[in-house]
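The values are calculated or read from the model by the stated rules, or taken from the named source; none is laboratory data. From a predicted model like this one, the values you see are computed outputs, not experimental measurements. Cβ: placed from backbone, ideal geometry, glycine included. Neighbour counts: every protein chain shown.
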Amino acid sequence: MTSASLSRWLLVGEWRAHVAQVLVALIAIAIGVAMAYSIHLINTAAFNEFSAASKHLSGQADMQVRGRKAYFDESLYPWLANQKDVAVANPMLELDVAVVGKQSIRSDQKLKILGIDMFRAAQISPDLLGLPAQGKTLDRLASDTIFLSPAAMEWLQVQQDDELQVYAGLHTLTLRVAGGLVRARAGQRLAVMDIGAMQWRFEQLGLLSRIELKLQPGVNHHAFKARLAEELGSSYWVTEAADQELRVENMSRAYRINLNMLALVALFTGAFLVFSAQALSVIRRRQQFALLRVLGVTRVQLLRQMITEGIFLGALGSLLGLSLGYLIAVMAIQFLDGNLGSSFFPGVKPGIFFDPIAAMLFFGIGLCVTLIGSIVPAMEAARTRPALALRAGSEHAVIEKLASPWPALICLGGALLFTQLPPILELPVFGYLAIMLLLIGGIALMPRFTAGFFSFLTARLHRYQIGAVSALVLARLTNAPSQAAMALGGILASFSLMVAMAIMVMSFRVSIDHWLGQVLPADLYVRVATTGDQGGFQVTQQQDIAGLAGIERVDLFRTQQLILDASRPEITLFARPIDGNDPRNTLPLTDDVIASGSLPEGVMPMWVSEAMVDLYGYRVGERVQFPVGASFHEFVVVGIWRDYGRQFGAVQIQLADYQRLSGDLSINTAAIWLRHGMTVDTAIEDMRRLDFGSALEISRSSDMRALSLKIFDRSFAVTYVLETVAVIIGLLGVGASFSAQTLARAKEFGMLRHVGMTRRQILAMLAAEGGLLTALGTTLGFVLGWSISLILIFIVNPQSFHWTMQLYVPWSWLLAVALLMLISAALTALMAGRQAVSGQVIRAVKEDW
Amino acid sequence: MLELINVNKAYAGRQVLANLSHMLRSGEYVAIMGESGVGKSTLLNLIAGLDAPDSGDIRVNGVAISQLNDDAATRLRREQFGFVFQAFHVLPHLTVHQNIALPLLLNDRSTDRVEQMLANVGLQGRGEHFPRELSGGELQRVAIARALIHRPALVLADEPTGNLDPDTAHDILQLMRSEIKANGATGILVTHSHVAAGTADIVLNLTKNGLFQAQPEHRR
C-alpha cells in the first residue's frame, strides 16, 4: 500500500462526507460542458451538411463562373465551353420559387429549382439527374416536367405524376412531377428541370446563374483561374470549391461563434462554482490539512491532493457533460432542426455524429475550467502554516488573503484596455476577453465591497438600538466578507450575465421594432412571387397598381443581389425613391451623413449599411465605383443606415439613377400608402382583381413587422435557454455554498443556542444573511451586467454582425428576476439553517470538526 | 536524542522562550508542566519543526531540525515523530483503521500492523467504524495508535487527556506510557495535570527562566 491509497482515501472520504456539494459542482461543470458541446455538435453538423449540400449541387466541378449580379447573359457559355483548357462546361440556372399554397413571404418556404443541361450535368453533376418513370426518358427534357428530391416531395406532399403549381412572374405555372433525383442529401429540398424549359417557363430567357467548369487533366488551376478572371473582367467572378466553402463559412461564422461563446459562459459560471466549492472545502478542512502536514504530508503532496480532487471532479463532470451534450444535440436536431432558431442553414437535415476531437477539446476545457477553480484554494491550503491552522478560530484567515484588490483591479484595467482593441479576423475576440476580465475582476472585488458596504451600514446603525440578530448578521457580513462573497461568486456571475444578455436582447428587439417602423412605413407591400433577380412588374403593371382607387402614394423598389467579393455572401442593392432633401424621411440613418446641399452637382449619392463600412471599407464622403447595369459607375457615399435584415451588406441608391444607368425599368416591390377611408382589405381585394392579381405577394406592414419579431424571438430562443441554465447553475451554487457554510458553522449555532438564542432567531439570522448578501449580489450583478451589456451592444455586436443598436433596459423583467433570486437565496439559506440547527446542540459544541 | 541549545522565541515582541537548553535521552518519557502562556505549546511546535526558533538550535538524533527546510522537516517529522493532541484530531471521513494507518501510508510502509495496534489500544473490531461512532476516550486511543503505529523515535503529546473524564484519562495515560515504552520511543507529555505528569519518568517545569526538573508527585 502506498501514498496513492491515502490520496484515494482522502478523496473518497471527502466526497462521501459532502455528497451534495460535490454533486452541485459536478452538475455545474456537466451542464456547462453539455451546452457547449451540444451547440458545437449541432452547428458543426448543420454547417457540414449545408456545405456538403452546396458541394452536392456543384458535383465534380473544378471551378464556377458567376456574375457580379445574380444572373448573367448565357452568351458566355459557348465561349467558355470552347476554351482549350476546359473539358466540360455546365450551365446552370437557379431559382427559389414560391409554391402555390405555401407561405411565400418566408425564404425557407420556397423551393430551390435548378435548371440543368442533362447531357453536360451527366458528366459533372450526375447526382442531379432526374429519374423518370420507365419508358419516359424524354421527361428529362420536357418543358412541363420537374424532378424532386425525396425531402421536397415530402414537404410538398406530392408523388410521381402529381401536379405541382408554382408562381412564375405574374402567372401560375403547372408542372408534372416526373420523378425523383439520382441522389439527394437527406432533408435537402431540391427540384431539377431542363435548363431550356426553365428559362422559357420562368421567363428567364438567355440568363444563367453560373457555369461550372471541369478542366482538362494537367491544367494548372491557379494559373487558369487567374487568366480567366483577367479575360472575363470585373463583371464576373471565377471561384474554386475552396472559395465556396469559405463563403458558406463566412456566412454563419459570427452566429456560430457567438452561440459557442454563450455556451462557454455557462461553463465559466460553473468555474466560479468549482472555485467556491473548493475554497469552502479548504476552509472546512483547514485543520485536517494542518494535521496531515504535522503527520508528514509535504506542501507539494497537499497541493497534489487538492489538484487531484479537481482533476477527478473536472474529468467526471466533463464526461457527464459530453454524454448529456450528445443527447441534447440529438434531441435538438429532432425538434429544432439544425438552425437552432436561426436561418443560416435552410433546408438541411443534419445528423449528429460523435466527434472525438471536439469531445476531447470540450473535455479539456471542462477539466481546465475546474482546475482553474481549484488551483487558488489548493495553493492556499498548501501555503497555510500547520501550527496556526491547528488552532481553532483561525479559519477566516484562509480566504481573507484572496481579498487583495490588486488582481481584481488589474483585471478591470485589462477589460477597459481590451474594449479599445479592434476585432481579429472579423471576430470580437478582445470584446469577449474584456467580458471575461470584467466578470473576474468584478467578482474578485466582491469581498472588499461587501466588507466596505456592511462596515458603512454598521457605522450608520451604530447610534440606533438594534437587536441581537441584526447585530450578529451585520458583524458576520462585515468581519467575514470573503466567506460571504464566496457564496455569491456563482450568483454574481450568472445574474450579471443574465442581466447583460437581457439588456442586449431587449436593446436589439426594441431597435429592430423601431427600425421596422422606419423601413416599413407604407400600409401594404406588393411583390411578384420571386422570379430570380428579374424585376417582376413592368411599366404597365406598375401603372395598373398606381391607378387603383384609394391609393394615395406608391413607392417602387428595385432590388438586386450582387457579389462584390467572391469569398463573401451577396450584398443587396436597393434602388428606390429617396427624399433627397432629407433622406432621414426614407432611411434609418445613423449620425454619419453628408447634408444633401453640400453635394456637388451631378454626383450620384449612395447610402450604405453599417456592414458595408466594416466589410468593404466604405466611408462617408468616399467616391466608390459600383456595378449598376452592365458596368461600373461612380457614386459618393453620403450616409450610413442601420440594416438589421442583411448582415452581409446592402446599399441604397435613387431609383432614377438606377433606371438611367441600367435601362431596366422593371421593379420588384411596390410600397403602397392608402387614402384616408380606404381599408386594407378592400385595397387587397382590388389588387387581387388585377389580371396578374393571383400571382401577387401582398403583405400588410403590421404582419411583416409581427413576423420579423417572431423570427427574432425564435432566433434568441437558444439564448434564453442558455441564460436560464446559467441562472439555475448560479442558484444551485448559492444553495451549495450556503449549505456548506451553515453546516460548517454548527459549533457557532450550538454556542448561540447555549447563550440563549432561540432556533427561530438563528433561522432568522441565516435568512437575513442570505437575503442581504443576495440583495447586494444582485445589485452588483446588475452593475456588472449593465457594463457587460455595453460591451455586447457597442463592441461584440457591431464587430460580429456589423450593426449597432440603442440601449434599452428591461427594468420590470430584471426586477422580477432579482426578486425571485432574492427569495430563492433566502429560502435556500433558511433550509440549510434548519438542517444545521436540527441536530443536537450539545454535540455541535463538542464536535471538533 | 533531543537537544535544545539556547533556544529563543518571541511572538509579537513578547519573549516566550529565552535561552532554553535541555537534553533528552533515548527512551525517556518526560512531562513538561508550566503556567498557561509560558510557552509549552510553542516549545512543542519548535521541537516538531512546525515553527522555527528566532535563535538557537534544536537537534533530533543529531539533526538540526530548526535548520531544515520545510520539506526536509516534514520528512523527518513523518518518520521520527508521533503526535497526540488534546482535541484528538482524527479525520472524520476516514475509518478508524484508515486514521491509524495514515503515518504508514505516508512512509510507504505496510499497514499490516494496524490490526495489532487496534488490539493494543483496545479497539479490536472497531477498525471499520467512523470517528463519529466513537466516544472521546476511544478517539484518543485512535490518536495514540496513530502516533505510535510507525514506531517513531519521539512522541509529542499536548494535553492528551484534557477533554476526557478522570477514569478514561487514567486509562489513556497508562496506555500511552505503556505503548511508548513498548515501542522504545522517547515521549514528551505537555500537561497542566499533576496526575498526568505523574505517569512520566521525569517531570520538567517550564518557567520564563528555563526548564527545571521536579520530583513527580504521584506515580501510579
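Numbers at a glance
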{"quantity": "Test: residue in the range B:35-57 that is touching a His at 6+ places or on another chain (Cβ under 9 Å) and either part of a loop (DSSP other than H, G, I, E, B) or at pLDDT 90 or above (or both)", "calculated": "yes"}
{"quantity": "Qualifying residue in the range A:534-553 (condition: touching a residue at least 40 places away in the same chain (Cβ under 8 Å) and farther than 29 Å from A:Thr682 by Cβ)", "calculated": "yes"}
{"quantity": "Per-region count, the range B:48-63, residues more than 11 Å from B:Leu76 (Cβ to Cβ) and under 14 Å from the mean Cα position of the chain (by Cα)", "calculated": "1"}
{"quantity": "Test result for A:Ala271, outside any loop (DSSP other than H, G, I, E, B), crowded, with 22+ Cβ neighbours inside 10 Å and modelled with pLDDT under 85", "calculated": "yes"}
{"quantity": "Elements of type strands (runs of 3 or more DSSP E) contained in the range A:551-599, each with 1 or more residues being acidic (Asp, Glu)", "calculated": "A:551-562, A:589-593"}
{"quantity": "Breaking point among (1) under 28 Å from B:Pro131 (Cα atoms); (2) more than 15 Å from the chain's Cα centre (by Cα); (3) crowded, with 16+ Cβ neighbours inside 10 Å, for B:His89", "calculated": "(2)"}
{"quantity": "Answer from A:Leu772, A:Leu766, A:Leu819, A:Leu807 - the residue that is surrounded by fewer than 18 Cβ atoms within 10 Å (Cβ to Cβ), under 43 Å from the mean Cα position of the chain (by Cα), farther than 28 Å from A:Leu416 by Cβ and at pLDDT 80 or above", "calculated": "A:Leu819"}
{"quantity": "A:Phe738, sole failed condition from (1) at pLDDT 70 or above; (2) surrounded by fewer than 22 Cβ atoms within 10 Å (Cβ to Cβ)", "calculated": "(2)"}
{"quantity": "Yes/no for A:Ala382 being modelled with pLDDT under 85, crowded, with 21+ Cβ neighbours inside 10 Å and not basic (Lys, Arg)", "calculated": "yes"}
{"quantity": "Flag if A:Phe289 is out of contact with any Cys (no Cβ under 9 Å at 6 or more places or on another chain) and within 14 Å of chain B (Cβ to nearest Cβ)", "calculated": "yes"}
{"quantity": "Segments classed as helices (runs of 4 or more DSSP H), wholly inside the range A:76-165, with at least 3 members that are more than 34 Å from the chain's Cα centre (by Cα) and of a type outside the set (Gly, Ala, Ser)", "calculated": "A:76-81, A:118-124"}
{"quantity": "Failed condition for A:Ile31, given (1) under 21 Å from A:Ala493 (Cβ atoms); (2) in contact with a Leu (Cβ under 7 Å, 6 or more places away or on another chain)", "calculated": "(2)"}
{"quantity": "Residue list for the range A:420-433, restricted to those being surrounded by 21 or more Cβ atoms within 10 Å (Cβ to Cβ) and in a loop (DSSP other than H, G, I, E, B)", "calculated": "A:Pro428"}
{"quantity": "Identity of the residue in the range A:598-622, modelled with pLDDT of 85 or more and among the hydroxyl-bearing types (Ser, Thr, Tyr), that ends up surrounded by the fewest Cβ atoms within 10 Å (Cβ to Cβ)", "calculated": "A:Tyr616"}
{"quantity": "Single condition A:Leu409 does not satisfy, out of (1) of a type in the set (A, V, I, L, M); (2) within 30 Å of A:Ile29 (Cβ to Cβ); (3) surrounded by fewer than 15 Cβ atoms within 10 Å (Cβ to Cβ); (4) modelled with pLDDT under 75", "calculated": "(4)"}
{"quantity": "3 or more residues farther than 15 Å from B:Pro160 by Cβ and within 13 Å of chain A (Cβ to nearest Cβ): qualifying helices (runs of 4 or more DSSP H) within the range B:58-149", "calculated": "B:70-80, B:96-106"}
{"quantity": "Failed condition for A:Asp703, given (1) at pLDDT 90 or above; (2) closer than 23 Å to A:Val97 by Cα", "calculated": "(1)"}
{"quantity": "Residue list for the range A:190-216, filter: in contact with a Gly (Cβ under 6 Å, 6 or more places away or on another chain) and either of a type in the set (Ser, Thr, Tyr) or part of a strand (DSSP E or B) (or both)", "calculated": "A:Val192, A:Met193"}
{"quantity": "Failed condition for B:Ser21, given (1) at negative phi; (2) facing another protein chain (nearest Cβ under 9 Å)", "calculated": "(2)"}
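This table checks each residue for (1) at negative phi; (2) in contact (Cβ under 8 Å) with a residue 40 or more places away in the chain.
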{"residue": "B:Val7", "(1), (2)": "yes, yes"}
{"residue": "B:Ala10", "(1), (2)": "yes, yes"}
{"residue": "B:Leu17", "(1), (2)": "yes, no"}
{"residue": "B:Gly37", "(1), (2)": "no, no"}
{"residue": "B:Gly49", "(1), (2)": "no, no"}
